[in-house]
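> Got a structure here, written out as structure tokens. Questions coming.
The values are calculated or read from the model by the stated rules, or taken from the named source; none is laboratory data. Since the structure is predicted, the reported quantities are computational estimates derived from the model, not experimental observations. No Cβ is skipped: glycine too gets one built from the backbone with ideal geometry, and neighbour counts run over all protein chains shown.
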């Protein structure tokens, strides 16, 4: 009898989690415009407030444990900025309204049925839903981060010693992103006609400087079928050949940095590679801001006058930007593979954009390992190309290994411009021709 009851309960939970959502247009509007009735408020947390080790306990409710520790240790001070409404592109919202009623989870983690485009699950998550975390992960995976295609050109990474602040190495990259399917704005819609691999998305990067790693290239193909492993290739300039990356290499240090390939954009893996758990909704400070009101640097002398984010705090590892109060979904992910180098990640997902401005990583012994921040600039305050795109623009990152006291920072010139992205760039043949 107990087995029978347990089976019925399990079936009921699975049905609740996997069934097509009874989602309404009002649910969708609330998902994309959660601040229609005003921004969240917390007593004393107002624009201009500086949170430091003398007052951090007063404002601990709006910070994660890792950031509280950094502030208490004197590593950084946070300044609160004015809140901003990051309403995403209308085409993406319209696609959500057209398709969300048909979306549902499959029986296995990584299976999504009936998906066309837009936000897969725009309903408010529930702690009673055992697969709510998985739904939030799908919202990130199929989010409007970089639109249908974009370039970060150039993209500067600096490797730093946190004790001394010494910059050990600077690498200049060019990154490109292209959605092959589930496109909502830029032709062809909704998918490229010639897409024999049934790809969802591809990432391509090449190294411009310094000379010893120049022409190093990385290409990642992600299938529409999340249960199918990514295809990834690496071209090393000094070898002048393309080699396929083994699965485990996406969790190795990438070019000696503090990032894994799996860390890109906050999380660059498959949904099915992780167990996902929704831990609740909070009001928190996240690095989301008006970039025109930040301290910027012209150190890279861009011809169009574009300036980059500056850094401060211990080792110069923290993006020097303001933080604003946001509605945040807290989601934990732990690897399915017991040999994975991490124990778990805690993602603080922005509930409006489903970007990942803040992620904390723990090692396999449960100890705090990496502190991951991705500054999000409002597109209308950023490069003129991005105005009106409805994309929350990745503007700067800081990845700190708090155990080895080392960090990697990234300064973006992100451009949501489809003319900068060519389909031919996302092929092995292109890597070979580019490397010659």
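> So which pairs qualify, if the first residue must be in the range 53-72 and part of a loop (DSSP other than H, G, I, E, B), the second must be surrounded by fewer than 18 Cβ atoms within 10 Å (Cβ to Cβ), the Cβ gap must be under 7 Å, and the two must be at least 6 apart or on different chains?
53/72; 53/74
> For the range 389-410, give me each residue that is surrounded by fewer than 23 Cβ atoms within 10 Å (Cβ to Cβ) and in contact with a helix residue (DSSP H, G or I) (Cβ under 7 Å, 6 or more places away or on another chain).
Listed by number, the residues that qualify are 389, 390.
> For the range 405-417, does any single residue satisfy the condition of being touching a strand residue (DSSP E or B) at 6+ places or on another chain (Cβ under 8 Å), in contact (Cβ under 8 Å) with a residue 40 or more places away in the chain, closer than 30 Å to residue 91 by Cα and not in a strand (DSSP E or B)? Full working, then the answer.
Going through the range 405-417, the residues touching a strand residue (DSSP E or B) at 6+ places or on another chain (Cβ under 8 Å) turn out to be 405-417.
This time we only want the ones that are in contact (Cβ under 8 Å) with a residue 40 or more places away in the chain, so: 405-417.
Then keep just the ones that are closer than 30 Å to residue 91 by Cα; that gives 410-417.
Imposing the further condition that a residue be not in a strand (DSSP E or B) reduces the set to 416-417.
For the range 405-417, residues touching a strand residue (DSSP E or B) at 6+ places or on another chain (Cβ under 8 Å), in contact (Cβ under 8 Å) with a residue 40 or more places away in the chain, closer than 30 Å to residue 91 by Cα and not in a strand (DSSP E or B): present.
> I need every pair where a residue in the range 101-127 that is farther than 25 Å from residue 33 by Cα has its Cβ under 6 Å from the Cβ of a residue that is part of a loop (DSSP other than H, G, I, E, B), sequence separation at least 6 or different chains.
110/226; 110/227; 113/106
> Could you list all residues from the range 290-340 that are outside any strand (DSSP E or B), touching a residue at least 40 places away in the same chain (Cβ under 8 Å) and within 21 Å of residue 134 (Cα to Cα)?
Selection gives 336, 337, 340.
> Additional query: For residues in the range 378-399 being without any contact (Cβ under 8 Å) to a residue 24 or more places away in the chain and part of a loop (DSSP other than H, G, I, E, B), which is nearest to residue 318 (Cα to Cα)?
387
> For the range 272-302, which residues satisfy the criterion of being surrounded by 17 or more Cβ atoms within 10 Å (Cβ to Cβ), in contact with a helix residue (DSSP H, G or I) (Cβ under 7 Å, 6 or more places away or on another chain) and over 25 Å from residue 66 (Cα atoms)?
Correct list: empty.
> Would you check if residue 134 is crowded, with 19+ Cβ neighbours inside 10 Å, within 24 Å of residue 30 (Cβ to Cβ) and touching a residue at least 12 places away in the same chain (Cβ under 8 Å)? I'd like the intermediate steps shown before the answer.
On the way: crowded, with 19+ Cβ neighbours inside 10 Å: yes; within 24 Å of residue 30 (Cβ to Cβ): yes; touching a residue at least 12 places away in the same chain (Cβ under 8 Å): yes.
Considered against the rule, which asks whether it is crowded, with 19+ Cβ neighbours inside 10 Å, within 24 Å of residue 30 (Cβ to Cβ) and touching a residue at least 12 places away in the same chain (Cβ under 8 Å), residue 134 comes out as yes.
> Looking at 139, 225 in this structure, which one is within 25 Å of residue 397 (Cβ to Cβ), modelled with pLDDT of 95 or more, out of contact with any helix residue (DSSP H, G or I) (no Cβ under 6 Å at 6 or more places or on another chain) and not in a strand (DSSP E or B)? Break it down stepwise before answering.
Values: 225 fails: within 25 Å of residue 397 (Cβ to Cβ).
Exactly one of 139, 225 is within 25 Å of residue 397 (Cβ to Cβ), modelled with pLDDT of 95 or more, out of contact with any helix residue (DSSP H, G or I) (no Cβ under 6 Å at 6 or more places or on another chain) and not in a strand (DSSP E or B), namely 139.
> With in contact (Cβ under 8 Å) with a residue 24 or more places away in the chain and either surrounded by 21 or more Cβ atoms within 10 Å (Cβ to Cβ) or over 24 Å from residue 100 (Cα atoms) (or both) as the only criterion, which of 200, 192, 177 stands out?
Selected residue: 177, the only one of 200, 192, 177 that is in contact (Cβ under 8 Å) with a residue 24 or more places away in the chain and either surrounded by 21 or more Cβ atoms within 10 Å (Cβ to Cβ) or over 24 Å from residue 100 (Cα atoms) (or both).
> Further, regarding this structure: Taking the range 351-361, which residues are part of a strand (DSSP E or B) and either within 10 Å of the chain's Cα centre (by Cα) or farther than 17 Å from residue 63 by Cα (or both)? Steps first, please.
Looking only at the range 351-361, we keep the residues that are part of a strand (DSSP E or B), and these are 358-361.
Answer for the range 351-361, where residues must be part of a strand (DSSP E or B) and either within 10 Å of the chain's Cα centre (by Cα) or farther than 17 Å from residue 63 by Cα (or both): 358, 359.
> Scanning for something touching a helix residue (DSSP H, G or I) at 6+ places or on another chain (Cβ under 7 Å), under 27 Å from residue 30 (Cα atoms) and surrounded by fewer than 22 Cβ atoms within 10 Å (Cβ to Cβ), does the range 83-101 turn up at least one residue? If you could, list the steps in order and put the result at the bottom.
In the first step, residues of the range 83-101 are kept if they are touching a helix residue (DSSP H, G or I) at 6+ places or on another chain (Cβ under 7 Å); the result is 87-88, 93, 96-97, 100.
Subset that is under 27 Å from residue 30 (Cα atoms): 87-88, 93, 96-97, 100.
Filter again for surrounded by fewer than 22 Cβ atoms within 10 Å (Cβ to Cβ), leaving 87, 97.
Scanning the range 83-101 turns up at least one residue that is touching a helix residue (DSSP H, G or I) at 6+ places or on another chain (Cβ under 7 Å), under 27 Å from residue 30 (Cα atoms) and surrounded by fewer than 22 Cβ atoms within 10 Å (Cβ to Cβ).
> Still on this structure, please answer the following. Listed residues 231, 268; which is surrounded by 15 or more Cβ atoms within 10 Å (Cβ to Cβ), touching a helix residue (DSSP H, G or I) at 6+ places or on another chain (Cβ under 7 Å) and closer than 23 Å to residue 152 by Cβ? Explain how you work it out, then say what you get.
On the way: 231 fails: touching a helix residue (DSSP H, G or I) at 6+ places or on another chain (Cβ under 7 Å).
It is 268.
> Another question about this same structure. Kindly establish whether residue 277 is touching a strand residue (DSSP E or B) at 6+ places or on another chain (Cβ under 6 Å) and more than 30 Å from residue 106 (Cα to Cα). Steps first, please.
Details: touching a strand residue (DSSP E or B) at 6+ places or on another chain (Cβ under 6 Å): yes; more than 30 Å from residue 106 (Cα to Cα): no.
Criteria not met by residue 277.
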